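Q: Okay, handing you the structure first.
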Amino acid sequence: MLRRVLARRIERRCRSRDEDPGAHAGLIEETVARAQRAGLVDDARFAAARLRGLRRRGTSTRQAQARLAAKGIDAETIAATLAVEREEAEGAEAGEADTEERAARAYARRRRLGPYRRPDAREAHRERDLAAMARAGFSYRLAKDIIGGEAEDASSHGEE
C-alpha cells in the first residue's frame with residue numbers, strides 16, 4: 001500500500017510539473033525498503049490487525065482473504081495469518097465457538113438476519129437470510145445453523 005500511495009503522489013506531482021514519473025521509481029523502492037528496515041511497514045502485523053477487525057465485523061474467511069489481498073498482502077502472509085488465528089482459537093477455552101462461527105454470528109447480528117430479526121418476520125425471510133450469508137462467504141451448513149438457531153446475548157461472548 002505504501003508503494004501505491006507513493007506512486008500516486010509522485011504521479012500527481014510529476015503531472016503538474018510535466019516530468020516523467022518513471023525517473024522517481026528508485027526513490028519509491030528506497031523509501032519502502034527504509035520503512036521496512038525501520039519496522040514502520042510490517043505486512044504480517046498489518047494483516048493480523050486487519051483480520052481481527054474484519055472478524056469482529058463478521059467477515060468470513062473467504063472474504064477476509066480477498067480483502068487482505070486487495071490491500072496488497074501476499075498469499076503466503078495471508079495463509080500464515082489465518083493459521084495463527086486458527087491456532088489461537090484452538091488454544092482458547094474448550095467451549096468457545098470457532099472463529100468462522102463467531103464471525104457468522106457477528107454478521108447475522110449486524111445485518112439483523114435469522115434469530116436477530118423480529119420473530120414474526122423470521123420465517124418469511126429465511127431464504128433471503130441464507131442467501132445473504134452465502135454472499136458473505138459463509139458455508140451453507142454454517143449459514144443454516146446460524147439462521148435456524150437462537151440469538152446469543154452479549155454475555156455469552158465471554159464479555160464479563
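The values are calculated or read from the model by the stated rules, or taken from the named source; none is laboratory data. Fair warning: this is a prediction, and the values are worked out from it, not measured in the lab. As a convention, Cβ positions derive from the backbone with ideal geometry for all residues, glycine included, and neighbour counts pool all protein chains shown. The accessibility values were calculated without ligands, DNA or RNA, using every heavy atom of the protein model including side chains. Shrake-Rupley method; radii C 1.70, N 1.55, O 1.52, S 1.80 Å.
Q: Going residue by residue through the stretch 11-34, is there one that turns out to be more than 16 Å from the chain's Cα centre (by Cα), surrounded by 11 or more Cβ atoms within 10 Å (Cβ to Cβ) and assigned to a loop (DSSP other than H, G, I, E, B)?
A: Yes - at least one qualifying residue is present in the stretch 11-34.
Q: Across the stretch 73-90, what is the number of residues that are open to solvent by less than 50 Å² (accessible area, probe 1.4 Å) and part of a loop (DSSP other than H, G, I, E, B)?
A: Summing the residues that are open to solvent by less than 50 Å² (accessible area, probe 1.4 Å) and part of a loop (DSSP other than H, G, I, E, B) in the stretch 73-90 gives 1.
Q: With the structure loaded, tell me whether V41 is part of a helix (DSSP H, G or I) and of a type in the set (V, I, T) or whether it fails that test.
A: no
Q: If you don't mind, another one. May I ask you to list pairs of residues, at least six apart or on different chains, whose Cβ atoms are under 7 Å apart, with the first in the stretch 16-30 being under 15 Å from V5 (Cα atoms) and the second being at pLDDT 85 or above and acidic (D, E)?
A: P21/E11
Q: If you check L6, L40, which single one turns out to be over 19 Å from E87 (Cα atoms), within 25 Å of the chain's Cα centre (by Cα) and open to solvent by 100 Å² or more (accessible area, probe 1.4 Å)?
A: L40
Q: Residue check: is E101 outside any loop (DSSP other than H, G, I, E, B), in contact with a helix residue (DSSP H, G or I) (Cβ under 7 Å, 6 or more places away or on another chain) and at pLDDT below 90?
A: When the stated conditions are applied, E101 passes them.
Q: Go through the stretch 45-92 and count every residue that is farther than 20 Å from A106 by Cβ and acidic (D, E).
A: Qualifying residue count for the region: 3.
Q: Now for a separate question. Taking the condition of being more than 22 Å from the chain's Cα centre (by Cα), surrounded by 13 or more Cβ atoms within 10 Å (Cβ to Cβ) and part of a helix (DSSP H, G or I), how many residues in the stretch 117-143 meet it?
A: The total comes to 3.
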